[in-house]
Amino acid sequence: RANDEDSTYIVVNGKEVGSHQGAFGGHAEGNFVFSSDGQHLAYVVHNPDEHGKSYLLVRDGKISEEKYRFISSMAFSPDGERFAFTVSLINGSMGGYMVIDDKEGERFSGGVGHAIFSPDSRQVVYVAWTYELNGPQQMFVVVDGKKGKVYEGNVHSQTFSPDGKRLAYIVVTRSHPTHITDSFVVLDGNESKGYIAIPGNPVFSSDSGH
């Protein structure tokens, strides 16, 4: 990103590939993502209005028609053909939804994490969470729009197998009132035994069998 007196430019390899100024009334944020093959580029433009919606998405030079309150993480699929980004509803934190292939997903009261595509680009997973009045946080994975089992704790480290057919992630729950943590891996929907802690991420063998 480069700026002069009244314009903001997106510069790639020394060439200006996008500029925002004047009537557009916005400026490019420092939030950029390339596809893995380098053929696609997406970034966010800040352009506030009277309704509190401040952000536009620019993908391959095309500016989105929809304006959003806050756009955070963005991701291209490994083959570069699919795209996902996270939208937050209130101050960039509380409440949000995922947009995948230009389709808005379900809105969750807590929010959503970043999207992870499978190696074959066919599936996409992200974590979402909700809050109930005076209740605990509830977290779960969403795979291709389908919600997984709900946990009162933390869900993280979503990992696809190399062939894209298997999914593993870690769940950390905390018992009440002792507050002792219990960590376990969910593999293909099945929970492992619990441990005090599981450092690191799940790892699959190269043939996806283990």
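Brief remarks on what is shown
- Residues in segment 146-164 that are surrounded by fewer than 17 Cβ atoms within 10 Å (Cβ to Cβ), modelled with pLDDT of 95 or more and in contact with a Lys or Arg (Cβ under 9 Å, 6 or more places away or on another chain): GLY164 only.
- Of all the numbered requirements in (1) more than 22 Å from TYR97 (Cα to Cα); (2) in contact with a strand residue (DSSP E or B) (Cβ under 9 Å, 6 or more places away or on another chain); (3) of a type outside the set (S, T, N, Q), PRO162 misses one, and that requirement is (2).
- The residues of segment 45-58 that are assigned to a strand (DSSP E or B) and either open to solvent by less than 20 Å² (accessible area, probe 1.4 Å) or more than 17 Å from TYR9 (Cβ to Cβ) (or both), listed by number, are VAL45, TYR55, LEU56, LEU57, VAL58.
- So ASP102, is it surrounded by fewer than 16 Cβ atoms within 10 Å (Cβ to Cβ), under 30 Å from SER205 (Cα atoms) and not basic (Lys, Arg): no
- Comparison of ALA84, ALA75, ALA23, ALA42 shows that the only residue that is hydrophobic (A, V, I, L, M, F, W, C), open to solvent by 50 Å² or more (accessible area, probe 1.4 Å) and either in a strand (DSSP E or B) or modelled with pLDDT under 85 (or both) is ALA23.
- Among the residues of segment 87-99, those that are part of a loop (DSSP other than H, G, I, E, B) and either on the phi > 0 side of the Ramachandran plot or open to solvent by less than 60 Å² (accessible area, probe 1.4 Å) (or both) comprise ASN91, GLY92.
The values are calculated or read from the model by the stated rules, or taken from the named source; none is laboratory data. What you are looking at is a predicted structure, and each value in this text was computed from that prediction instead of being measured. As a convention, Cβ positions derive from the backbone with ideal geometry for all residues, glycine included, and neighbour counts pool all protein chains shown. Calculation scope for accessible area: heavy atoms of the full protein, side chains included, ligands and nucleic acids excluded. Shrake-Rupley method; radii C 1.70, N 1.55, O 1.52, S 1.80 Å.
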